[in-house]
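S.K.: Here it is, the structure, as C-alpha cells.
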Amino acid sequence: MMKTPITEVQEAHVSVRQYLPQTVPDEMILAILRAARRAPTSSNLQAYSIVVVRDPDTLRRLAELAGNQRHVAETPVFLAWCADLSRVERACKLHNREFVGNTLEMGIVATVDAALTGMSAMTAAESFGLGCVMIGGMRNHPVEVARLLELPPRAYVVFGMCIGWPAERPPQKPRLPESAVIHFERYNGATADEVFEDAAWTTRVSVEFSKPRREHLRAALAQLGLPLE
Ligand SMILES: Cc1cc2nc3c(=O)[nH]c(=O)nc-3n(C[C@H](O)[C@H](O)[C@H](O)COP(=O)(O)O)c2cc1C
C-alpha cells in the first residue's frame, strides 16, 4: 500500500480525551498553528480566528458550556476555532463599502475555513505525537462562549480542540465501508447497502438523529451577527 509519513499520521488518528500533566510547549503550538494557517481558504479570505486557551478557570467554564466535558477542563491547551467575518466587515467599512456578508454563503465560507485550518492543525499536532479531540459542544451555548472569549461581532466558535500528551490510546473507531462512501464517476447508491447491515451504527444514528439538535443555533448565530439563512 502506498504511504507517506503524513498518511501514516492520518491513518493512526484516534480522538484522545485523557492527557498527561506535562505542558505542551508554546513553540510546538505555534508550529502547529503556523502549519495550519497554510490551509487553503476561499478567495484567500482567511475568515477564521483561533483563540488559544490555557487558563484553568476559562477551561473549566468552557467545559461546562460544552455540556460538562471533563477533557475540556483537563486539557493543557484548548484551541477555539472561530468562523470570523469581522475582518471582512472592517475592510468593507475602511473602503466605504457596505458589508453584505451576513448570508448563508459567507457563513459557510467562514465555517469551512475554520474546519480546514482546524483539521490541518490536528494532523500537525498528531505528527508531534500529541493527542487531540475536536469539541462541537462549543455550539451548545454559542453566545456565552463568544462572550467568554470576547469575540468580536460576526464571529462564533465552530468547534474547539483539546490538545495534550496522550494518557490513553483508545481503539480506533470503525469507519463505514470504503464502497459506501467512495464512488467513481457517478454516485452508486447500491454500494451503501452494506452500511445498513451494521445494526450498531444504524441504531445509534437513528436514536441520536431522530431528536432535534441545537435548535437554538440559528437564533444564536443571528445574535452574533452571522445569520446562516
Ligand atoms: C466537528 C466535531 C465535533 C466533535 N465534538 C466532540 C465533542 O464535543 N466531544 C467529544 O468528546 N468528541 C467530539 N468529537 C469527536 C468525535 O466524537 C470523534 O471524532 C468520532 O467519534 C470518531 O472517533 P475518532 O476521532 O476517534 O476516530 C467531535 C468531532 C468533530 C469532527
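S.K.: Of all residues in the stretch 169-211, how many are under 25 Å from Q10 (Cα atoms) and touching a Phe, Trp or Tyr at 6+ places or on another chain (Cβ under 9 Å)?
M.R.: Summing the residues that are under 25 Å from Q10 (Cα atoms) and touching a Phe, Trp or Tyr at 6+ places or on another chain (Cβ under 9 Å) in the stretch 169-211 gives 3.
S.K.: Restricting attention to the stretch 204-217, does a residue exist that is hydroxyl-bearing (S, T, Y), surrounded by 12 or more Cβ atoms within 10 Å (Cβ to Cβ) and not in a loop (DSSP other than H, G, I, E, B)?
M.R.: no
S.K.: So, in the stretch 60-71, of the ones that are under 17 Å from the mean Cα position of the chain (by Cα) and farther than 25 Å from P153 by Cβ, which residue ends up surrounded by the fewest Cβ atoms within 10 Å (Cβ to Cβ)?
M.R.: Result: G67.
S.K.: A73 - would you say it is in contact with a helix residue (DSSP H, G or I) (Cβ under 6 Å, 6 or more places away or on another chain), within 16 Å of the ligand (Cβ to nearest atom) and of a type outside the set (D, E, K, R)?
M.R.: Against the criterion (in contact with a helix residue (DSSP H, G or I) (Cβ under 6 Å, 6 or more places away or on another chain), within 16 Å of the ligand (Cβ to nearest atom) and of a type outside the set (D, E, K, R)), A73 qualifies.
S.K.: Another one. Can you tell me which residues in the stretch 154-185 are more than 13 Å from the ligand (Cβ to nearest atom) and in a strand (DSSP E or B)?
M.R.: A155, Y156, I163, G164
S.K.: If you don't mind, another one. Evaluate the stretch 10-20: report whether one residue or more is hydroxyl-bearing (S, T, Y) and within 16 Å of the ligand (Cβ to nearest atom).
M.R.: Yes, that holds for at least one residue.
S.K.: Look through the stretch 133-152, keep the residues that are charged (D, E, K, R) and without any contact (Cβ under 8 Å) to a residue 60 or more places away in the chain, and return whichever of them is nearest to the ligand (Cβ to nearest atom).
M.R.: The residue in question is R147.
S.K.: Residue check: is L130 touching a residue at least 24 places away in the same chain (Cβ under 8 Å) and within 16 Å of the ligand (Cβ to nearest atom)?
M.R.: yes
S.K.: Looking at the stretch 102-121, can you tell me whether even one residue there is within 13 Å of the ligand (Cβ to nearest atom), assigned to a strand (DSSP E or B), modelled with pLDDT of 95 or more and within 17 Å of P153 (Cβ to Cβ)?
M.R.: No, there is no match, as no residue in the stretch 102-121 is within 13 Å of the ligand (Cβ to nearest atom), assigned to a strand (DSSP E or B), modelled with pLDDT of 95 or more and within 17 Å of P153 (Cβ to Cβ).
S.K.: Quick check on the stretch 76-94: of everything there that is under 25 Å from A222 (Cα atoms) and part of a strand (DSSP E or B), which residue is farthest from the ligand (Cβ to nearest atom)?
M.R.: D84
S.K.: Sticking with this one: Residues that are assigned to a helix (DSSP H, G or I), touching a residue at least 40 places away in the same chain (Cβ under 8 Å) and surrounded by 18 or more Cβ atoms within 10 Å (Cβ to Cβ): does the stretch 42-49 have at least one?
M.R.: no
The values are calculated or read from the model by the stated rules, or taken from the named source; none is laboratory data. Bear in mind that the values here come from a model prediction, so they are computed numbers and not experimental data. Cβ coordinates were reconstructed from backbone atoms using ideal geometry, including for glycine residues, and neighbour counts include every protein chain displayed.
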